[in-house]
Amino acid sequence: MRKNVILYCAAALILMASSCSNIQMPETVNVIPEPQNVTLKDGAFKVAGAAVYCQPGIDGIATARIEKFANVLSNATGKKCAFNSGKSAKGISFSVDPSVGKESYCIDIDKRSVKVVAGDASGILYSIQTLSQMLPVEFFSGVPAPHADWVLRCVSIKDQPRFGYRGMHMDVSRHFFPVEEVKKYLDVMALHKMNRLHWHLTDDQGWRIEIRKYPELAQKGSVRKGTMIGRNWSTNDGIEYGGYYTQDEIRDVVSYAESIGITIIPEIDLPGHMMGALHVYPQLGCTGGPYEVWHQWGVSEQVLCPGKEETFAFIEDVLAEVMVLFPSEYIHIGGDECPKTEWEKCPDCQKRIKELGLTADAGHSAETRLQNYVTARVQEFVNRHGKKIIGWDEILEGELAEGATVMSWRGVEGGIEAASRGFDVIMVPTSHFYFDYYQSDRTDLEPLSIGGNVTFEKVYSFDPMNGIPESASKHILGVQANLWTEYIRTPEHLEYMLLPRLDALSEVQWCSPEKRDLDRVKRSLEHMGQIYDQAGYTWCKAVFGEYGLPGMPGGRN
Ligand code: ACM
Ligand code: ZN
């Protein structure tokens, strides 16, 4: 009996202890993505008025990032945080030591000082993003907030990313977003330590980049005569819709992105998704047109004609200008959703197939082989200019030349196959990373969307290495989410679809699998939500049981 009582008491104590530990949440620094190693200490460092020191001789980009941080701190705290070149045992000091590692950093905060040692200019930037998120959220308001509690919790942090490619995509063809909104999008990506924007610049519904050799491409190819209404395919609102970026604007966005650590990868989607260009140059299509800049969504059967040499001259001229504008080592050439119906009927395409000796096999038609020929020819041109291609996973069908990178969107199978065949891969499966899908099952309250359901939790659950043979794992460069804008007309709606799924994505990209913890990231999200409010972002609160975007009606599948 006595033994039973002792056992009962012991069990009750264990239960109490475990329920106490449930109540007492483990403390974190509330940074997203969560740093890899965090050791909390007692006390806090007072930030307002602290001097900022930058190691002399480190590269100009890193120095500029540190100086900008000092200026924003001065403005936010209302007390000058003087920027100095040099070293000090007090204040906030930054230095670079390559032995820390690429894109990596260490932060050590005690009551007297904040010491940052980064591996490179990217590590400096990421340390600043971490410190920024640890500060009072007023840091992000853009206006002085002298009454906020300007302290940094004492802590030691060691941090580095899991993947080198941490991307987000933006479709500006279906709906156009002005330069200021693109920069705002880049800012929130940078806050999450992302480093690639995949910019989808051309499609059936509008060509959005100025090409000097073909001025009418942007002037006329960017304008559609109307847009289908909701999901009703037979409608057209009859309202002219357009917009494009001049080359000066492109250069401005590219250099802004570079300053916050983001490389922009432009996409010129070919040989399908080309109605914007075909409208202006109908001779590049199989039938000769006329073609309209499309007012509806979906996949057009009208595509570029690879039977004509003129088509390749056009592609090369366009890409030559694009490659000068974008310093990215990668150029995305699309390759998705290219119906072959016109190619099957077109005398020029059939002649090309015959001349090249392209024949069907059990898995691939001669026309699929013709798309392989387009990809290979464009790849060779891009390679000759010292750059590499990325294509959607359709480019894997049939043959693909060495050195191409595959974006696996129709699932992960394309990525697994590509990596196993020795191609580099970026994982972007619709199942987890299509941010144009609904983000809760309350589709009656959420703004009308393309359909599907990709919740915050679904994004967070993705494991990029699942199913990848060990020997092929080096080919998984990273992860990206895609934001197609058929149903997204306004900056507010764009941000609503992006946030906070971007937070979940950033942890998939950055954190090692052991660091991933859904409860912890949701707690940090409460803090991030306050940052979004301060910085003027619209965001979806479905994670917290609130649904809908004011002023935008919901829509069922
Ligand atoms: C795609 O979503 N068509 C790549
Ligand atoms: Zn043709």
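All of the numbers you see were taken from the coordinates with simple rules; none came from a lab. Here the structure is a predicted model, which is why all the values come from computation and not from measurement. No Cβ is skipped: glycine too gets one built from the backbone with ideal geometry, and neighbour counts run over all protein chains shown.
Just to confirm my numbers, what's the Cα centroid distance between segment 428-481 and segment 522-543 in Å?
For segment 428-481 versus segment 522-543, the Cα centre distance is 20 Å.
Using the beta-carbon distance between LYS87 and VAL179 and R0 = 45 Å, what value does 1/(1 + (r/R0)^6) give for FRET efficiency, to the nearest 0.05? Numbers along the way, then the final one.
Working: r = 39 Å, r/R0 = 0.87.
Once the sixth-power term is evaluated, E becomes 0.70.
Any chance you could check the Cα centroid distance between segment 327-366 and segment 137-208 for me, in angstrom?
First find each Cα centre; the distance between them is then 37 Å.
Hey, got a sec? Which chymotrypsin sites (Phe, Trp or Tyr not before Pro) in segment 269-333 land in a DSSP loop and have at most 14 other Cβ atoms within 10 Å? Working shown, then result.
Details: sites: TYR291, TRP294, TRP297, PHE312, PHE314, TYR330; in loops: TYR291, TRP294, TRP297.
Qualifying residues, ordered by number: none.
Taking the dipole about the Cα centre of the chain, with the C-beta of Lys and Arg at +1 and of Asp and Glu at -1, give me whichever of ALA257, ILE531, MET228 is farthest to the positive side.
ILE531
Within a Cβ distance under 12 Å of PRO136, other residues only, what is the Lys/Arg minus Asp/Glu net charge?
On the way: positive: ARG153; negative: GLU138, ASP149.
Net charge around PRO136: -1.
When the helices in the chain are scored as -39500 (n - 2.57) per DSSP H run of 4 or longer and the sum is shared across all residues, what 222 nm value do you end up with, to the nearest 500 deg cm²/dmol? Before the final figure, lay out each step's value.
Working: 17 runs with 195 residues, N = 557.
The helix contribution divided over the chain gives -10500 deg cm²/dmol.
How many Å³ per residue does the convex hull of the Cα positions in the chain occupy? Please list the in-between numbers first.
Working: hull volume 109.0 nm³, N = 557.
Looking at the chain, the number lands at 196 Å³ per residue.
Summing Lys, Arg as +1 and Asp, Glu as -1, what charge do residues with Cβ under 12 Å from the Cβ of LEU186 carry, LEU186 excluded?
Working: positive: LYS183, LYS184, ARG196; negative: GLU180, GLU181, ASP187, ASP252, GLU258.
Once positives and negatives cancel, what remains is -2.
With +1 on each Lys and Arg Cβ and -1 on each Asp and Glu Cβ, how big is the dipole of the chain about its Cα centre, in debye rounded to the nearest 20? Provide the component values of the computation, followed by the final result.
Working: 56 positive and 72 negative charges, 421 e Å.
Here the size comes out at about 2020 debye.
Any idea what angle helix 179-191 forms with the longest principal axis of the chain, computed on alpha-carbon atoms, 0 to 90 degrees, nearest 10?
Orientation of helix 179-191: about 50 degrees from the principal axis.
Which of VAL412, VAL100, VAL479 has the fewest other C-beta atoms within 10 Å, and how do the rest follow up to the most? Intermediate values should be presented prior to the final figure.
Details: VAL412 23, VAL100 20, VAL479 26.
Arranged by neighbour count, lowest to highest, VAL412, VAL100, VAL479 become VAL100, VAL412, VAL479.
Based only on other Cβ atoms within 10 Å, what is the fewest-to-most ordering of LYS115, LYS388? Intermediate values should be presented prior to the final figure.
Numbers: LYS115 20, LYS388 15.
Starting with the residue having the fewest Cβ neighbours, the order is LYS388, LYS115.
Tally Lys and Arg at +1 and Asp and Glu at -1 over the other residues with C-beta under 9 Å from the C-beta of ILE333: what net charge comes out?
Working: positive: none; negative: GLU267, ASP269.
The answer is -2.
Just grab the label-to-label distance for LEU356 and ASN71, each label 7 Å out from Cα along the Cβ direction, in nm (one decimal).
The modelled label-to-label distance comes out at 5.1 nm.
Report the relative contact order of segment 383-431, percent, no decimals, based on alpha-carbon pairs under 8 angstrom and at least 6 residues apart. Could you put the intermediate results ahead of the total?
Numbers: 76 pairs, mean separation 16.0, N = 49.
Reported as a whole number, the value is 33 percent.
May I ask you to sort HIS175, HIS198, HIS527, HIS147 by Cβ crowding, counting other Cβ atoms within 10 Å and putting the fewest first? Please report the intermediate quantities before stating the final value.
Working: HIS175 21, HIS198 25, HIS527 16, HIS147 9.
The order, fewest Cβ neighbours first, is HIS147, HIS527, HIS175, HIS198.
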